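Visitor: Can you read through this structure? Questions will come right after.
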Amino acid sequence: MQNKQRMSSKASILSKIKANKPNPWPLPDVPVFQTSAPDKKKLFIQILERGGSKVGYVDHITKVVDVVASFFPDRLRTLSTLPYLEDTEKITILEPEFYEGTDVAIVEGVLGVAENGAIWITEKELGGIRVLPFITQHLVMVVSEKSLVGTMHEAYKSIGSPNTDFGVFIAGPSKTADIEQSLVIGAQGARSLLVILTP
Amino acid sequence: MSHAKKAAIFNKDEARTDWHDASLWMVRKKRDFAVTEIPEWEFLREFASDIKSHTLSKLDEYLESFEKAATQNGAIVHWATDAKEHNDIVLSILNKHHAKKMVKSKSMLTEECHLNDFLDAHKIEVIDSDLGERIIQLLDEPPSHIVLPAIHLKKEEIGELFHKELHTEKGATDPQYLTEAARHHLREKFHTAQVALTGVNFGIAETGEVVVCTNEGNADMGVHLTPVQIHSMGIEKLIPRRSDLAVFTRLLARSATGQPITVFTSHHRKPKNGGEMHIILVDNGRTTQLGKPDFRNSLKCIRCGACMNTCPIYRRSGGHSYESTIPGPIGSILTPGIDLKKYGNLPFASTLCGSCTDVCPVKIDIHDQLYKWRQIVSDAGLPEGGNKTLMGMLGSGLAAPRFFHRLGNLGRKILRLFPGNEKFLSFTIWTRERNLPKAPVESFRDWYAKQAKNE
Amino acid sequence: MDQFYPQAAIATYKLLLKLGCQVEYPEGQTCCGQPLANAGNELASKASYAHFIEMFEKFDYIVAPSGSCVYHVRHHFDLLEQTESVKKVRAITLDLSEFLLDVLKIKSLPAKFPHKVGLHQSCHGLRGLHLGTSSELALKPTSKLHELLGMVEGLTLVELDRKDECCGFGGTFSIKEPDISVKMGKDRIRDHFSKGAEIIISGDMSCLMHLEGIISRQKIPIKVMHIAEILNAEEL
């Protein structure tokens with residue numbers, strides 16, 4: 001009974017559209033715009049810092065843990081999906097609620113976008129825990145400089161067709177200005193974002 | 001109450017009007033700065049407009065592609081012809097899972113459908129998880145802006161509310177402190193809710209994904225912690241290809257708040273392991289608007305709110321004075337199509353300055369549509385359109401030289417009889433706060449005639 | 001303008017003569033019909049559209065010192081059947097600044113006006129006729145009015161906080177929503193006055209009439225003048 005009802009709503013909506021839609025309008029070919037900034041890394045860092053993120057740089061991934069330690073000396077529960085960080089908790093439980101109470105989560109971004117500081121990350125890099133970058137108190141994202149692109153056009157071109165169940169661009173710590181337009185860093189998601197750039 | 005009456009009340013507190021105006025002008029200025037960072041901005045607007053126009057011209061095909069892809073991904077797609085059907089579908093999903101508690105992230109569509117009230121009546125607890133939305137939910141008020149729902153409230157008022165509802169300290173107004181309190185309050189809700197619902201910024205026809213943009217991370221906190229997630233989407237939110245998101249993600253946040261991108265741009269494609277993902281495609285008058293050649297462009301809207309931030313009338317009257325779910329310039333061209341009698345006064349709440357059209361990231365011809373709605377309102381004989389007979393007479397008078405000149409001369413001569421014309425006629429609407437123009441001895445016509453004589 | 005601000009029309013007429021034009025003022029003219037049309041009654045104003053065409057079709061150019069009227073003729077006379085006369089009139093109706101810069105292509109003016117002024121860019125002129133680049137658009141900034149004012153000796157232009165916010169007149173809006181209308185006008189005046197402008201100038205008399213109404217009621221020591229008067233000013 002419900003199925004039939006849904007079919008007729010669908011049919012009714014589609015037939016109304018067919019009757020009312022305008023004449024065909026061509027779909028434009030959008031060029032892959034590139035950034036006019038000469039130094040992508042510089043722009044990426046500038047935009048991230050402007051948006052309230054902190055940026056660190058290591059010349060080798062083994063130094064990542066040192067940078068994290070220096071930014072979060074008092075951290076308690078530290079989780080990581082990075083295989084080369086041995087001293088951290090790993091993803092074993094698949095129930096998302098289990099990760100409430102995570103102090104610091106260290107994950108690896110797929111690519112970074114210079115024009116807006118956004119970093120693309122998917123379920124794969126999150127160990128299957130979609131809520132991880134939101135539920136943690138502090139987020140650390142490791143991104144390689146090589147992966148940096150200039151614009152969102154280049155980012156989507158690089159990402160290509162979706163082959164993951166969930167993906168997100170993260171461009172800073174969670175924030176809100178809903179109270180008299182005063183910016184507050186740390187709303188419902190992570191209170192801070194530390195981006196560590198690797199070569 | 002008409003917009004004019006509500007705006008009059010709003011303007012009684014001039015200091016507050018100035019504050020509201022300045023707050024929103026600030027957002028407009030941030031937008032202006034953000035725009036300078038993209039040299040190809042005007043090209044992007046054109047592309048965005050064309051992508052949306054194309055999509056609307058093939059909306060049926062794209063909706064079917066979207067449904068096919070989403071279903072293949074494991075999502076369950078529903079179709080709702082109107083608000084009632086949408087609400088019924090949400091309730092049926094909740095009932096199926098015996099859910100009594102739902103968290104909801106920002107969705108103007110669900111505001112339009114009055115979902116909260118409906119679920120309330122069915123004893124479902126709905127928690128709006130966006131901070132601004134939560135504030136107005138606790139105040140039992142509608143949002144006054146589609147992006148900044150609580151822009152009309154001062155921090156003292158929010159502090160008082162939180163003291164009452166969240167037990168924060170009395171008199172506390174620090175936004176950091178208040179946001180922290182809300183964070184703890186909402187965290188508990190995210191963990192105890194059984195279903196999460198979000199709006200949809202963009203639906204991708206090619207991949208069946210829904211894209212949700214937030215700054216707070218509340219939409220994600222909601223959907224990733226509950227086994228059942230629902231995404232309510234207006235059918236006009238579809239775009240053809242994933243790559244088209246590049247255009248829209250570069251335009252949306254810059255237009256809305258001046259940020260280069262929202263903090264989170266989530267792409268939901270498949271349900272989580274062991275979870276359910278529902279997408280509700282909603283019509284609720286959109287297909288009717290699609291059939292109106294003069295007004296269908298309003299369906300390109302990506303709900304950025306830039307038109308509200310730039311509108312000098314919106315800034316000085318506030319969203320509530322429109323009494324429509326979507327206020328401001330875009331609201332004034334969307335709502336008369338829904339209820340001409342109720343919203344017919346809104347197209348007149350404008351000077352047709354055109355600023356809205358210039359900031360719209362998808363190039364909706366807002367001020368042209370306002371002008372066109374005015375013609376329809378007056379053709380329908382509604383009061384805002386003026387008395388048709390009188391207008392007809394005026395029209396003929398304006399075309400008749402002798403009548404026109406005699407009327408003008410008479411007006412000028414009458415005014416000349418009252419030298420200090422400040423208080424004279426102060427009972428008319430114009431002269432309540434303005435003087436009438438000074439009446440010169442000679443009209444241009446008189447002067448010109450004299451010139452001709454002298455030659 | 002004929003009845004209440006003849007000085008603006010006189011200045012326009014004199015300026016055009018000065019620049020070598022043969023100028024005629026058809027005395028049978030009435031109104032472009034904009035006030036009624038904006039109020040939602042464009043059908044009622046069709047008669048005045050037709051009268052306008054009749055009055056003006058024989059000329060080479062139709063110049064109006066009024067951005068809003070010119071905008072209305074060029075954009076909303078599509079309501080009429082597009083005969084050759086109608087098409088011609090719509091194409092040759094120009095704002096004074098357009099005529100001076102695009103047709104006469106003047107590069108200088110014998111104008112002197114040693115005063116501090118504020119320029120109010122009317123919405124119809126700026127966003128309607130694109131006499132300049134509105135602040136919303138990400139385009140190379142141009143402005144016909146600024147270009148013309150630059151030719152006036154001794155003139156100083158103040159820098160406003162809001163370069164192109166609407167004055168709040170909006171035709172019938174001024175009486176349909178008087179509170180916001182007046183508030184917008186007050187805010188504009190305050191912007192100009194606080195920057196030290198002695199005079200607010202504009203290419204649209206309707207904006208100035210509205211602002212002047214507030215100025216004289218509130219006794220603010222600032223004047224209004226039409227740009228034609230400035231461009232025609234040789235001494236003050």
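The values are calculated or read from the model by the stated rules, or taken from the named source; none is laboratory data. None of these values were measured; they are calculated from a predicted model. No Cβ is skipped: glycine too gets one built from the backbone with ideal geometry, and neighbour counts run over all protein chains shown.
Visitor: If I filter the range B:439-451 down to residues being assigned to a loop (DSSP other than H, G, I, E, B) and touching a residue at least 12 places away in the same chain (Cβ under 8 Å), which single residue comes out as nearest to C:Glu24 (Cα to Cα)? Even if it seems obvious, please write down each step before you answer.
Guide: At the first step, the residues of the range B:439-451 found to be assigned to a loop (DSSP other than H, G, I, E, B) are B:439-443.
So of that shortlist, the ones also touching a residue at least 12 places away in the same chain (Cβ under 8 Å) come out as B:439-441, B:443.
On the way: B:Ala439: 24, B:Pro440: 22, B:Val441: 22, B:Ser443: 16 Å.
Looking at the filtered set, the residue picked out is B:Ser443.
Visitor: In the range A:163-184, which residue that is out of contact with any Lys or Arg (no Cβ under 9 Å at 6 or more places or on another chain) and not in a loop (DSSP other than H, G, I, E, B) is farthest from A:Val143 (Cα to Cα)?
Guide: Restricting to residues being out of contact with any Lys or Arg (no Cβ under 9 Å at 6 or more places or on another chain) and not in a loop (DSSP other than H, G, I, E, B), the top hit is A:Thr176.
Visitor: Moving on to the next point. Taking the range C:179-208 on its own, how many of its residues are of a type outside the set (D, E, K, R) and either within 20 Å of C:Arg127 (Cα to Cα) or not assigned by TED's automatic domain parsing to the domain that holds C:Met225 (or both)? Steps first, answer last, please.
Guide: Step one: of the range C:179-208, the residues of a type outside the set (D, E, K, R) are C:180-182, C:184-185, C:189, C:192-194, C:196-197, C:199-203, C:205-208.
Filter again for either within 20 Å of C:Arg127 (Cα to Cα) or not assigned by TED's automatic domain parsing to the domain that holds C:Met225 (or both), leaving C:181, C:184-185, C:200-203, C:205-208.
Here the count works out to 11.
Visitor: Shifting gears a bit: Please go through the range B:306-347 and give me each residue that is in a loop (DSSP other than H, G, I, E, B), out of contact with any His (no Cβ under 6 Å at 6 or more places or on another chain) and in contact (Cβ under 8 Å) with a residue 40 or more places away in the chain, ordered by number.
Guide: Here is the first cut: in the range B:306-347, the ones in a loop (DSSP other than H, G, I, E, B) are B:311, B:316-318, B:323-327, B:338-339, B:344-345.
Narrowing the set further to residues that are out of contact with any His (no Cβ under 6 Å at 6 or more places or on another chain) leaves B:311, B:316-317, B:323-327, B:338-339, B:344.
If the condition is that a residue be in a loop (DSSP other than H, G, I, E, B), out of contact with any His (no Cβ under 6 Å at 6 or more places or on another chain) and in contact (Cβ under 8 Å) with a residue 40 or more places away in the chain, then B:Cys311, B:Arg316, B:Ser317, B:Glu323, B:Thr325, B:Ile326, B:Pro327, B:Ile338, B:Gly344 are the ones that fit.
Visitor: Among the residues of the range B:67-82, are any under 23 Å from the mean Cα position of the chain (by Cα) and not charged (D, E, K, R)? Step through it out loud before you land on a result.
Guide: Filtering the range B:67-82 down to residues under 23 Å from the mean Cα position of the chain (by Cα) leaves B:80-82.
This time we only want the ones that are not charged (D, E, K, R), so: B:80-81.
Yes, there is a match, as at least one residue in the range B:67-82 is under 23 Å from the mean Cα position of the chain (by Cα) and not charged (D, E, K, R).
Visitor: Can you tell me which residue is nearest to B:Asn435 (Cα to Cα) among those in the range C:1-44 that are part of a loop (DSSP other than H, G, I, E, B) and in contact with a strand residue (DSSP E or B) (Cβ under 9 Å, 6 or more places away or on another chain)? Spell out how you get there, then give the answer.
Guide: Within the range C:1-44, the first condition is being part of a loop (DSSP other than H, G, I, E, B), and the residues that meet it are C:1-5, C:19-33, C:39-44.
Next, from what is left, pick out any that are in contact with a strand residue (DSSP E or B) (Cβ under 9 Å, 6 or more places away or on another chain): C:1, C:5, C:21, C:23, C:32.
Values: C:Met1: 17, C:Tyr5: 15, C:Cys21: 37, C:Val23: 33, C:Cys32: 25 Å.
So, considering only residues that are part of a loop (DSSP other than H, G, I, E, B) and in contact with a strand residue (DSSP E or B) (Cβ under 9 Å, 6 or more places away or on another chain), the one nearest to B:Asn435 (Cα to Cα) is C:Tyr5.
Visitor: Condition check: within 14 Å of chain B (Cβ to nearest Cβ), of a type in the set (Ser, Thr, Tyr) and surrounded by fewer than 17 Cβ atoms within 10 Å (Cβ to Cβ). Does A:Ser15 satisfy that?
Guide: Values: within 14 Å of chain B (Cβ to nearest Cβ): yes; of a type in the set (Ser, Thr, Tyr): yes; surrounded by fewer than 17 Cβ atoms within 10 Å (Cβ to Cβ): yes.
Answer is yes for this residue.
Here is a yes/no grid of residues against (1) more than 8 Å from every other protein chain (Cβ to nearest Cβ); (2) in a loop (DSSP other than H, G, I, E, B):
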{"position": "B:Arg183", "(1), (2)": "no, no"}
{"position": "B:Arg187", "(1), (2)": "no, no"}
{"position": "B:Glu216", "(1), (2)": "no, yes"}
{"position": "B:Gln229", "(1), (2)": "yes, no"}
{"position": "B:Met233", "(1), (2)": "yes, no"}
{"position": "B:Arg241", "(1), (2)": "yes, yes"}
{"position": "B:Leu245", "(1), (2)": "no, no"}
{"position": "B:Ser255", "(1), (2)": "yes, no"}
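Visitor: Right, something else. Can you name the number of the only condition in (1) in contact with a helix residue (DSSP H, G or I) (Cβ under 7 Å, 6 or more places away or on another chain); (2) under 24 Å from B:Ser321 (Cα atoms) that B:Ile38 fails?
Guide: (2)
Visitor: Show the residue pairs that are 6+ apart or on different chains and have beta-carbon atoms under 6 Å apart, the first residue being within the range B:69-83 and at positive phi, the second being part of a loop (DSSP other than H, G, I, E, B) and modelled with pLDDT of 95 or more.
Guide: Here the result reads B:Gly74/B:Lys270; B:Gly74/B:Pro271, each pair linking the range B:69-83 to a residue that is part of a loop (DSSP other than H, G, I, E, B) and modelled with pLDDT of 95 or more.
Visitor: Turning to a different aspect of this structure: Can you tell which of A:Ala118, A:Ala114, A:Ala105 is more than 28 Å from B:Pro271 (Cβ to Cβ) and in contact with a Phe, Trp or Tyr (Cβ under 9 Å, 6 or more places away or on another chain)?
Guide: Details: A:Ala118 fails: more than 28 Å from B:Pro271 (Cβ to Cβ); A:Ala105 fails: more than 28 Å from B:Pro271 (Cβ to Cβ).
Being more than 28 Å from B:Pro271 (Cβ to Cβ) and in contact with a Phe, Trp or Tyr (Cβ under 9 Å, 6 or more places away or on another chain) holds for just one of A:Ala118, A:Ala114, A:Ala105, which is A:Ala114.
Visitor: Here are the criteria: (1) assigned to a helix (DSSP H, G or I); (2) buried (at least 24 other Cβ atoms within 10 Å of the Cβ); (3) within 10 Å of chain C (Cβ to nearest Cβ); (4) not basic (Lys, Arg). Tell me which single one B:Cys353 does not satisfy.
Guide: (1)
Visitor: Quick check on my filter: what residues within the range B:115-138 are more than 13 Å from chain A (Cβ to nearest Cβ) and either of a type in the set (A, V, I, L, M, F, W, C) or crowded, with 16+ Cβ neighbours inside 10 Å (or both)?
Guide: Quick first cut of the range B:115-138, residues more than 13 Å from chain A (Cβ to nearest Cβ) only: B:115-126.
Those that are more than 13 Å from chain A (Cβ to nearest Cβ) and either of a type in the set (A, V, I, L, M, F, W, C) or crowded, with 16+ Cβ neighbours inside 10 Å (or both): B:Leu115, B:Asn116, B:Phe118, B:Leu119, B:Ala121, B:Ile124, B:Val126.
Visitor: Do you know which of the residues in the range C:141-173 that are in contact with a strand residue (DSSP E or B) (Cβ under 9 Å, 6 or more places away or on another chain) and of a type in the set (Val, Ile, Thr) is farthest from B:Ala22 (Cα to Cα)?
Guide: C:Val152
Yes/no matrix, rows are residues, columns are (1) under 30 Å from C:His120 (Cβ atoms); (2) out of contact with any helix residue (DSSP H, G or I) (no Cβ under 6 Å at 6 or more places or on another chain):
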| residue | (1), (2) |
| --- | --- |
| B:Lys341 | no, yes |
| B:Gly344 | no, no |
| B:Lys363 | yes, no |
| B:Gln375 | yes, yes |
| B:Ser378 | yes, no |
| B:Gly385 | yes, no |
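Yes or no, residue by residue, for (1) at pLDDT 80 or above; (2) at the interface with chain C (Cβ under 7 Å from one of its Cβ atoms); (3) buried (at least 17 other Cβ atoms within 10 Å of the Cβ):
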| position | (1), (2), (3) |
| --- | --- |
| B:Pro361 | yes, no, yes |
| B:Ile366 | yes, no, yes |
| B:Arg412 | yes, yes, yes |
| B:Pro419 | no, no, no |
| B:Ser443 | yes, yes, yes |
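Visitor: Which ones in the range B:166-185 are out of contact with any helix residue (DSSP H, G or I) (no Cβ under 9 Å at 6 or more places or on another chain) and at positive phi? Spell out the reasoning first.
Guide: Looking only at the range B:166-185, we keep the residues that are out of contact with any helix residue (DSSP H, G or I) (no Cβ under 9 Å at 6 or more places or on another chain), and these are B:176, B:180, B:184.
Across the range B:166-185, there are no qualifying residues.
Visitor: When the residues of the range A:43-60 are narrowed to those that are among the charged types (D, E, K, R) and away from every other protein chain (no Cβ under 14 Å), which ends up nearest to A:His138 (Cα to Cα)? Step through it out loud before you land on a result.
Guide: Filtering the range A:43-60 for residues among the charged types (D, E, K, R) gives A:49-50, A:54, A:59.
Still in the running and away from every other protein chain (no Cβ under 14 Å): A:54, A:59.
On the way: A:Lys54: 11, A:Asp59: 23 Å.
Step by step, filter the range A:43-60, then rank; the result is A:Lys54.
Visitor: Does C:Lys87 count as farther than 30 Å from C:Phe193 by Cβ, modelled with pLDDT under 95 and in the same structural domain as C:Leu157 (by TED's automatic domain parsing)? It would help to see each step written out before you state the result.
Guide: Working: farther than 30 Å from C:Phe193 by Cβ: yes; modelled with pLDDT under 95: yes; in the same structural domain as C:Leu157 (by TED's automatic domain parsing): no.
For C:Lys87, the condition - farther than 30 Å from C:Phe193 by Cβ, modelled with pLDDT under 95 and in the same structural domain as C:Leu157 (by TED's automatic domain parsing) - is not met.
Visitor: Now a separate question. Within the range A:158-185, track down each residue that is closer than 30 Å to B:His152 by Cβ, among the small types (Gly, Ala, Ser) and within 15 Å of the chain's Cα centre (by Cα). Write out each step before concluding.
Guide: Just the residues of the range A:158-185 that are closer than 30 Å to B:His152 by Cβ, to begin with: A:171-185.
Adding the requirement that they be among the small types (Gly, Ala, Ser) leaves A:171-172, A:174, A:177, A:182.
Residues satisfying the conditions are A:Ala171, A:Gly172, A:Ser174.
Visitor: For the range A:124-159, give me each residue that is of a type in the set (S, T, N, Q) and either away from chain B (no Cβ under 12 Å) or touching a Cys at 6+ places or on another chain (Cβ under 6 Å) (or both). Before you say what the answer is, go through the steps one by one.
Guide: In the first step, residues of the range A:124-159 are kept if they are of a type in the set (S, T, N, Q); the result is A:136-137, A:144, A:147, A:151, A:158.
Listed by number, the residues that qualify are A:Ser144, A:Ser147.
Visitor: Which of the residues spanning the range C:203-223 are within 14 Å of chain B (Cβ to nearest Cβ) and buried (at least 24 other Cβ atoms within 10 Å of the Cβ)?
Guide: Hits for the range C:203-223 are C:Asp204, C:Met205, C:Cys207, C:Leu208, C:His210, C:Leu211, C:Glu212.
Visitor: On the basis of being among the hydrophobic types (A, V, I, L, M, F, W, C), on the phi < 0 side of the Ramachandran plot and without any contact (Cβ under 8 Å) to a residue 60 or more places away in the chain, does C:Leu43 make the cut? Please lay out each step first, then the result.
Guide: On the way: among the hydrophobic types (A, V, I, L, M, F, W, C): yes; on the phi < 0 side of the Ramachandran plot: yes; without any contact (Cβ under 8 Å) to a residue 60 or more places away in the chain: yes.
Yes: the conditions hold for C:Leu43.
Visitor: Examine the range B:289-305 for a residue that is surrounded by 24 or more Cβ atoms within 10 Å (Cβ to Cβ), at the interface with another protein chain (Cβ under 9 Å from one of its Cβ atoms) and more than 18 Å from B:Met233 (Cβ to Cβ), and state whether such a residue exists.
Guide: For the range B:289-305, residues surrounded by 24 or more Cβ atoms within 10 Å (Cβ to Cβ), at the interface with another protein chain (Cβ under 9 Å from one of its Cβ atoms) and more than 18 Å from B:Met233 (Cβ to Cβ): absent.
Visitor: Continuing with this model, one more query. Among the listed residues B:Asp21, B:Asp60, which satisfies the condition of being assigned by TED's automatic domain parsing to the domain that holds B:His152 and either crowded, with 16+ Cβ neighbours inside 10 Å or out of contact with any Phe, Trp or Tyr (no Cβ under 9 Å at 6 or more places or on another chain) (or both)? Show your work before the answer.
Guide: Numbers: B:Asp21 fails: assigned by TED's automatic domain parsing to the domain that holds B:His152.
None of the others qualify; the one that does is B:Asp60.
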